[in-house]
Amino acid sequence: MFKIINECKKARIGLLEVNGKKIETPFFMPVNTKMSPKLISIKDVHNIGYKAVICNSFVLYLDPGVEFIKKHGGMHKFMNFNDFIFTDSGGFQMIMNFENKRSDKGVQFINPVNGDKHFVTPESAVKFQNDLGADCLMCLDDLPKHGANKKEVIESLKRTHLWAERCKKDHDGKGLLFGIIQGSIFPDLRKESAKFMDSLDFDGISIGGLCIGEKKEKMFEMTKICVDNVSRNRPLYLMGVGSPEDILKTVDLGVDIFDSRFPAQIARHESLFTKKGRINIDNKKFKNDFNPIQEDCKCEACKHFSKAYLYHLVKIKEPLSQRLMTLHNLQFIQDLMENIRTSIKENRFEEFKNEFFKNYKT
Ligand SMILES: [Zn+2]
């Protein structure tokens, strides 16, 4: 199911297989929470070259409902996407605006739309994801809020581990099940959680609870602890990381899979990736710049239009500008992943990384 093809120190290229699908790691997944990326279609995502997206099973359970999607052939058929679909289980919603009560048994969510209460258990979280047809499923985890004290994190970590065991015991679907390492920003708890998840024989391991407000150095420190305390025969997925510089630095630490709203989110605020760093297209200096955002980019925006034209679209608040900018940032990340994979295959990841940072201003 996961085979390592080549390694450059800790960075590695692998092949992940499930349900007749294959994907090379390291890869990035655009966020597709409600089975639709924002402003672009799932066909655009496919055309850019992405072979994996992540949906949220709890959000889909609320609307349009797991039974409904199952009845219509599962997520792949319903949204017409035949590649990898990862699903998150709802842990992240615990720190969002879904008020909740947690106990060892499970978590009670309140639907922010209509106030309905829903009780999710580790077992039901696995069942939803299986019924939706997910290729890679996440265990239900108890995600502590950013800034939780150590006592609170210890408490929630106990529950995350208890739930992981129950998810593992209950999982008999066709998808791969990932356990999620938590432990906030406490090195000893991260280490304990990594060792615990490693002992449960999951198909993959996720690093959760980072990129939620902690300092960047903490994110790297915790990621390194997690990588160093699991066996290296499974894919390692760092949840919520999606800037070019963070992806490169954590591939270097040994991470295989990424997802994040970041590239699409900043595109909607006119911030675009280039090989020299990020630019803000609404800056006056682009009014007369008739070059594309990035010379060698094959996205629709760069192939057909200039920065001056995009600047114009932004100034007249044309919705098309947001679509074009989203396509560009997602293409940039996809191309970056492809270049990372090629450089690992050719044993020159270190050179590629150094060259990237020589040009890229953060
Ligand atoms: Zn482009």
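Look through Leu200, Leu253, Leu162, Leu157 and report the one residue that is assigned by TED's automatic domain parsing to the domain that holds Val120, touching an Asp or Glu at 6+ places or on another chain (Cβ under 9 Å) and within 27 Å of Gly20 (Cα to Cα). Outline the logic, then answer.
Details: Leu253 fails: within 27 Å of Gly20 (Cα to Cα); Leu162 fails: within 27 Å of Gly20 (Cα to Cα); Leu157 fails: within 27 Å of Gly20 (Cα to Cα).
So the residue among Leu200, Leu253, Leu162, Leu157 that is assigned by TED's automatic domain parsing to the domain that holds Val120, touching an Asp or Glu at 6+ places or on another chain (Cβ under 9 Å) and within 27 Å of Gly20 (Cα to Cα) is Leu200.
Candidates Ala134, Ala148, Ala164: the one that is part of a loop (DSSP other than H, G, I, E, B), within 30 Å of Glu217 (Cα to Cα) and within 24 Å of the chain's Cα centre (by Cα) is Ala148. Here Ser231 fulfils each of the conditions (1) more than 16 Å from Gly183 (Cα to Cα); (2) touching a Phe, Trp or Tyr at 6+ places or on another chain (Cβ under 9 Å) apart from (2).
Screening Asn6, Asn82 for residues that are in contact with a helix residue (DSSP H, G or I) (Cβ under 8 Å, 6 or more places away or on another chain), assigned to a strand (DSSP E or B) and surrounded by fewer than 20 Cβ atoms within 10 Å (Cβ to Cβ) leaves exactly one candidate, Asn6.
Scanning the range 318-331 for residues that are within 12 Å of the ligand (Cβ to nearest atom) and either out of contact with any Pro (no Cβ under 7 Å at 6 or more places or on another chain) or at pLDDT below 95 (or both) turns up Leu324, Met325, Thr326, Leu327, His328, Gln331. Residues in the range 337-359 that are within 16 Å of the ligand (Cβ to nearest atom) and surrounded by fewer than 19 Cβ atoms within 10 Å (Cβ to Cβ): Glu338, Asn339.
A search for C-beta distances below 6 Å between a residue of the range 331-344 that is in contact (Cβ under 8 Å) with a residue 24 or more places away in the chain and any residue that is among the small types (Gly, Ala, Ser) and more than 15 Å from the ligand (Cβ to nearest atom), counting only pairs 6+ apart in sequence or on different chains, returns Ile344/Ala11.
So, Arg278, is that one within 16 Å of the ligand (Cβ to nearest atom) and of a type in the set (D, E, K, R) or not?
Working: within 16 Å of the ligand (Cβ to nearest atom): yes; of a type in the set (D, E, K, R): yes.
Judged against the criteria, Arg278 is a match.
Among the numbered criteria (1) at pLDDT below 95; (2) within 20 Å of Thr342 (Cα to Cα), which one does Met1 miss? Of the numbered conditions (1) at pLDDT below 95; (2) within 20 Å of Thr342 (Cα to Cα), the odd one out for Met1 is (2).
The values are calculated or read from the model by the stated rules, or taken from the named source; none is laboratory data. Here the structure is a predicted model, which is why all the values come from computation and not from measurement. Neighbour counts run over all protein chains shown; Cβ positions are idealised from the backbone, glycine included.
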